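Here is the structure we will look at.
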Amino acid sequence: VANAAAVRLCREIIPGAKIGAMCSLSNIYPHTCDPQAVFETQDVRRRSLFYPDVMLRGYYPTYVYRLWEENGVRVAMEEGDLELIRRYTNDFLAFSYYRTTTHEAGQPYFGDTGGDIGTPNPYLETSDWGWQIDPLGFRYTLNELWDRYQVPLFPVENGLGAHDKVENGRIRDPYRIDYLSRHLKALKEAVKDGVDIMGYTYWGPIDIVSAGTYEMEKRYGFIYVDKDNEGKGTLERIRKDSFYWYKHVIETNGKEL
């Protein structure tokens, strides 16, 4: 209701404006072909897609009523709420994508800032912080969301947290370049698939405290910041190798990855 009211207000203030929803939508696969695992995986995914289902389709999906009932949730709806949601849907979907995981039958549902947490996928490599790297999963997710919503998509968070070392005043981070190169290639393939992608932003251009682990050592940036987990350091900035690589990507408009 609050989202729909915000969309209505935005359109009143700025006619023709576009306002989107933003969700964490890293993906999840069944760990095996066990039908129970497959069905439960669909249920886990619905718990993430519920929010854009409402904000982009304009109504509460039928599956959520059972979920509420089974969890003892009572939602108070006022007169006019459902009509407001129906009339003022979002124009595009922004989302974060970092990784995929897998779900086994009977496994408890749990997630963090990167998405759902399940069983490691033996076919994928893993980052320093245990997040599995899946560029094809990015293309899969873009296609999944486009097929479901048919609105422009905007991946606004995608990146790699890693240990970076300063050697002779330089940070060589080929692992970050490789991660980004493969994900941008997957993005281009999704465009060829027919997915309407309105933009892309990397998380994040400069090292900051990780929202997931509350530490500086989990570094995402193209720019290194001299500060450690205890808050010690000069705050000096150093451009990493990935900075110059991504600069060239921008200069070539993504032609050279």
| query | With 175, 140 as the choices, which residue is under 27 Å from residue 89 (Cα atoms), part of a helix (DSSP H, G or I) and open to solvent by 70 Å² or more (accessible area, probe 1.4 Å)? | reply | 140
| request: Please name all residue pairs, on different chains or six or more residues apart, with Cβ atoms under 6 Å, provided the first residue is in region 103-129 and is open to solvent by 40 Å² or more (accessible area, probe 1.4 Å) and the second residue is assigned to a strand (DSSP E or B) and at pLDDT below 90. | output: 117/111
| request: Pairs only if they're at least six apart or on different chains, beta carbon under 7 angstrom, first in region 182-207 and farther than 16 Å from residue 158 by Cα, second outside any helix (DSSP H, G or I); list them, first residue then second. | output: 191/197; 195/153; 196/152; 196/153
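For (1) acidic (Asp, Glu); (2) modelled with pLDDT under 95, each residue gets a yes or a no:
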{"position": "185", "(1), (2)": "no, no"}
{"position": "200", "(1), (2)": "no, no"}
{"position": "211", "(1), (2)": "no, yes"}
{"position": "217", "(1), (2)": "yes, no"}
{"position": "232", "(1), (2)": "no, no"}
{"position": "235", "(1), (2)": "no, no"}
{"position": "239", "(1), (2)": "no, no"}
| Which one of 189, 215, 230 is part of a loop (DSSP other than H, G, I, E, B), surrounded by 13 or more Cβ atoms within 10 Å (Cβ to Cβ) and not basic (Lys, Arg)? | 215
| query | Hey, among the residues in region 201-212 that are assigned to a loop (DSSP other than H, G, I, E, B) and open to solvent by 40 Å² or more (accessible area, probe 1.4 Å), which one's nearest to residue 244 (Cα to Cα)? | reply | 205
| query | Looking at this structure, is residue 249 in contact with an Asp or Glu (Cβ under 9 Å, 6 or more places away or on another chain) and either closer than 17 Å to residue 131 by Cβ or in a loop (DSSP other than H, G, I, E, B) (or both)? | reply | no
| note | Taking first residues from region 224-246 that are on the phi > 0 side of the Ramachandran plot and second residues anywhere that are loosely packed, with under 15 Cβ neighbours inside 10 Å and in a loop (DSSP other than H, G, I, E, B), the pairs with Cβ under 9 Å that are 6 or more apart or on different chains are 233/226; 235/226
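The values are calculated or read from the model by the stated rules, or taken from the named source; none is laboratory data. Because the structure is a prediction, the values reported are computed rather than measured. Cβ: placed from backbone, ideal geometry, glycine included. Neighbour counts: every protein chain shown. These area figures cover heavy atoms from the full protein model, side chains too; ligands, DNA and RNA do not enter into them. Shrake-Rupley method; radii C 1.70, N 1.55, O 1.52, S 1.80 Å.
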